[in-house]
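The values are calculated or read from the model by the stated rules, or taken from the named source; none is laboratory data. Predicted, not measured: the structure shown is a model, and the values here were computed from it. Here the Cβ positions follow ideal geometry from the backbone for every residue, glycine too, while neighbour counts run over all protein chains shown.
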Amino acid sequence: MKARPLTVRSAGLSNESVDTINAVIRGVSVITSGLIAKGHALTVDSTTLSQMHACAVSRGQVPVKVDHQSGASAVCGYLDNFRIQGLKLKADWHLLKSHQQTAQILEIAQRMPAGVGLSASFTSPANAEAGKARCGELLSVDFVSLPAANPDGLFDARHGRRIEFRKGDKLRVVGAGAAGAGVGAVGGLALLRAVSTRKLRPGENAEGRLVSRSWDGPIPGAQHVGVGLAGGKVAHTVRPSGESPLRGRFTVKREALDTFAGGQSLRVSRDSLTTAERAAAGKRASRAVGNSGDYNCATGNCEHTARSISGRSRTSPQTRAAVIGAAVGAAGIGTAAAYRLRKSSHLFSASPAFRKATAAGLSFAAKLKSVSL
């Protein structure tokens, strides 16, 4: 059967891969899986790599020709040491020192490896699947400027590599990302709680401080927040029983600290308010007792209300910590899962969303200690 030439590009070679003294270029990409070969309408997959690797190993040395030319004069060297690494079949290219283009090829490999590539010429077996690149015999691997199945050039791309996932891999990565979001959210809340609050000491006057205990809602690690009042009391939001924990109505209620705690330990905000300022915040919150409003777990929760009725900015550091922690956790653990499955961590790390989430998470972590509660 007529040989079908395929071309594979890879980019991003370090100069250490090019041995000009011995005329050897190590780690060149022979073919890349997870794509459709340009001009051939054939899918290159992991089976293609395995078949071509077996053919190459059985042959030992595979000749390399210049630009798909025929005849012995076109042979500029040979490939050996074939191995599959990630999505690529790689080899070491030994150039003939006597060939007239050897010096030029070595210079190209050093200075512009992404602009050229290798094209595998092989025969397809009679029982090959339609639309699939299948290798029955590897004839040669040719040095060309427009390879069909090597989008990165001679070597590995440093960014944006193509990815081939096996059946079920995407679901595993998504599942890992979802688990990472949960872990990240809990971690963000725990970090915020550790640096922005402390335990309420026995007999301590909590007037004007934000007082918190563990929330009995669906988000692990979240705190229910109120405002300390004079006389060992606290003003906090209460909600009708049976309502969704995520939205509905609330009423500001005054209760004793012990009742508010419900047997749990209490924490208070670390703030720089003076005694007079805390007393003013407590009186302001006391006047809000009996008020009601709309509740939303993300945009109008107990923390929003407590901060607002005590004269603080109407924000929720807990919401911010959970969202950023979830984003970073999902991207990070999703990346780890992708790397484990396909050594393709760039899938997430190269994406703008991952970079923004990571940058936001690091920035937020750096600023946590300055959050005013």
* Would you please list the contacts, defined by Cβ atoms under 6 Å and residues six or more apart or on different chains, that run from a residue in the range 284-302 that is under 17 Å from residue 217 (Cα atoms) and part of a helix (DSSP H, G or I) to a residue that is at pLDDT 95 or above and aliphatic (A, V, I, L, M)? => 302/225
* Residue within the range 81-104 that is surrounded by 14 or more Cβ atoms within 10 Å (Cβ to Cβ) and in a helix (DSSP H, G or I) present -> yes
* Structure fact -> Being modelled with pLDDT of 90 or more, part of a strand (DSSP E or B), of a type in the set (Gly, Ala, Ser) and surrounded by fewer than 19 Cβ atoms within 10 Å (Cβ to Cβ) narrows 248, 263 down to just 248
* Taking the residues in the range 98-136 that are farther than 18 Å from residue 33 by Cα and in contact with a helix residue (DSSP H, G or I) (Cβ under 9 Å, 6 or more places away or on another chain) as candidates, determine which candidate is modelled with the highest pLDDT. => 99
* Lone unmet requirement of (1) surrounded by 15 or more Cβ atoms within 10 Å (Cβ to Cβ); (2) touching a residue at least 40 places away in the same chain (Cβ under 8 Å); (3) part of a loop (DSSP other than H, G, I, E, B) for residue 205 -> (2)
* Residue match in the range 283-290 (condition: more than 27 Å from residue 185 (Cα to Cα), crowded, with 23+ Cβ neighbours inside 10 Å, touching a Leu at 6+ places or on another chain (Cβ under 6 Å) and at pLDDT 90 or above) -> no
* In this structure, does residue 107 turn out to be acidic (Asp, Glu), surrounded by fewer than 24 Cβ atoms within 10 Å (Cβ to Cβ) and in a loop (DSSP other than H, G, I, E, B)? -> no
* To do: Check off (1) among the polar types (S, T, N, Q); (2) closer than 24 Å to residue 191 by Cα; (3) surrounded by fewer than 22 Cβ atoms within 10 Å (Cβ to Cβ) for residue 305 and give me the number that stays unchecked.
  => (3)
* Asked: Which number in (1) in a loop (DSSP other than H, G, I, E, B); (2) among the basic types (Lys, Arg); (3) at pLDDT below 65 marks the one condition that residue 356 misses?
  -> (1)
* Taking interchain pairs and intrachain pairs at least six residues apart, which have beta carbon atoms under 8 angstrom, with the first residue in the range 90-117 and free of Cβ contacts under 8 Å to residues at least 60 places away in the same chain and closer than 14 Å to residue 64 by Cβ and the second assigned to a loop (DSSP other than H, G, I, E, B) and not basic (Lys, Arg)? -> 108/116
